[in-house]
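What follows is a set of notes on a single structure, which appears directly below.
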Amino acid sequence: MTQPSRLAIVPFVSVDSMMKLVLAVGVERFLTELVAYVEEDFLRWEAFDKTPRVASHSHDGVIELMPTSDGTLYGFKYVNGHPKNMREGRQTVTAFGVLADVGSGYPMLLTEMTMLTALRTAATSAVAAKYLAPKGARTMAIIGNGAQSEFQAVAFKAIVGIDTVRLYDIDRSASEKCARNLAGLGLETVICASGQEAVEGADIITTVTADKQYATILTDNMVGSGVHINAVGGDCPGKTELHRDILLRSDIFVEYPPQTRIEGEIQQLAPDHPVTELWQVMTGKAEGRTATKQITLFDSVGFATEDFSALRYVRDKLASTGFYEELDLLADPDEPRDLFGMLLRAAKS
């Protein structure tokens, strides 16, 4: 059988390869290096094509496409969000992504992004907290202890310096799972009996629940002055986690307003409610945390540039690690115009 040419081959990172890559690098180091890529791309925010993700909603969940380009590279992610999947033994969120060369249009990388999305979400949260969280923050509450929780904890330890994580989930076994997975990673974990107990003494509050509905994970009385709120779970229309009054007391920071106003916590507010874009804080064009008693809120919904950063990072790590397969993905006839002839010759090989 005729072997495919090198132009036909695209590196493919499977779930198994991604896990081997992360473990070879080390989870904390992987997150730290990924944070640097995410931060680098936020600092050149204006170089990117930006559009709200293309979403197809159903009663059961959502399927989304998230594209962006910096003019040299193009990236997109396919991702779903189906909260009911957990009851069927499936992941709530799955994803895969592609990085391509703008000049030729040829894909340069195809990779799983279920694991990678969890890592990039935690990395983005940590980047925002680096600029917005109170100085010297050591304790974080995590409300919602599902698949994302451990990644958030490790990222905040590596980037912000937290050493204590207070856990709460309506399913205590989820908190026990999270505490068990974090054992030996340099974090003190405290399993709490309620959200109110979890936030007591916390400098940072992360909400990362999965239900696709308007919910009140944090009520106004639970949030004291001076905290940073990392709101991760509210990420599609009709799905929120915070009481509206918390938003009215907070300085709100977002990724891309046209998307966040549709999907984020701020869908509860007037369309012209003032928010600050995170990249503006990072580049010094806007202020972030300015007062000790200020409540900062990162209304995180996830944006395509963050996936672009993750795809760039993984591609850069492949040459030195070799954790990928060669996928015969592209047709490459000897004569570019003779695609049909390539088909006929395949029958003779």
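The values are calculated or read from the model by the stated rules, or taken from the named source; none is laboratory data. Just so it is clear, the model here is predicted, and its values are computed rather than measured. Every residue, glycine as well, gets a Cβ built from its backbone with ideal geometry; the counts of neighbours run over all protein chains shown.
One table, with the values for the structure above:
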read-out: THR260 being over 28 Å from TRP45 (Cα atoms), among the hydroxyl-bearing types (Ser, Thr, Tyr) and touching a Ser or Thr at 6+ places or on another chain (Cβ under 9 Å); value: no
read-out: Check on HIS59, of a type outside the set (A, V, I, L, M, F, W, C), over 30 Å from GLY161 (Cα atoms) and buried (at least 18 other Cβ atoms within 10 Å of the Cβ); value: no
read-out: Members of region 141-183 found to be over 29 Å from ARG90 (Cβ atoms) and not charged (D, E, K, R), listed by number; value: ALA158, ILE159, VAL160, GLY161, ILE162, THR164
read-out: Boolean, GLY233 is at pLDDT 95 or above, small (Gly, Ala, Ser) and out of contact with any Pro (no Cβ under 6 Å at 6 or more places or on another chain); value: no
read-out: Odd one out for LEU311 among (1) over 30 Å from VAL98 (Cβ atoms); (2) outside the structural domain of ALA133 (by TED's automatic domain parsing); value: (1)
read-out: Test: residue in region 296-316 that is out of contact with any His (no Cβ under 7 Å at 6 or more places or on another chain), at pLDDT 95 or above, of a type outside the set (Ser, Thr, Tyr) and exposed (fewer than 13 other Cβ atoms within 10 Å of the Cβ); value: yes
read-out: Filtered residues of region 236-266 (kept if at pLDDT 95 or above, assigned to a helix (DSSP H, G or I) and surrounded by fewer than 20 Cβ atoms within 10 Å (Cβ to Cβ)); value: ARG244, ASP245, LEU248, ARG249, PRO257, PRO258
read-out: Any hit, region 62-70, residues being acidic (Asp, Glu) and in a loop (DSSP other than H, G, I, E, B); value: yes
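Here's the yes/no breakdown for (1) assigned to a loop (DSSP other than H, G, I, E, B); (2) at pLDDT 95 or above; (3) within 23 Å of the chain's Cα centre (by Cα); (4) hydroxyl-bearing (Ser, Thr, Tyr):
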site: VAL165; (1), (2), (3), (4): no, yes, yes, no
site: ALA174; (1), (2), (3), (4): no, yes, yes, no
site: LYS177; (1), (2), (3), (4): no, yes, yes, no
site: ASN181; (1), (2), (3), (4): no, yes, yes, no
site: LEU185; (1), (2), (3), (4): yes, yes, yes, no
site: VAL190; (1), (2), (3), (4): no, yes, no, no
site: ALA193; (1), (2), (3), (4): yes, yes, no, no
site: GLN196; (1), (2), (3), (4): no, yes, no, no
site: ALA202; (1), (2), (3), (4): yes, yes, yes, no
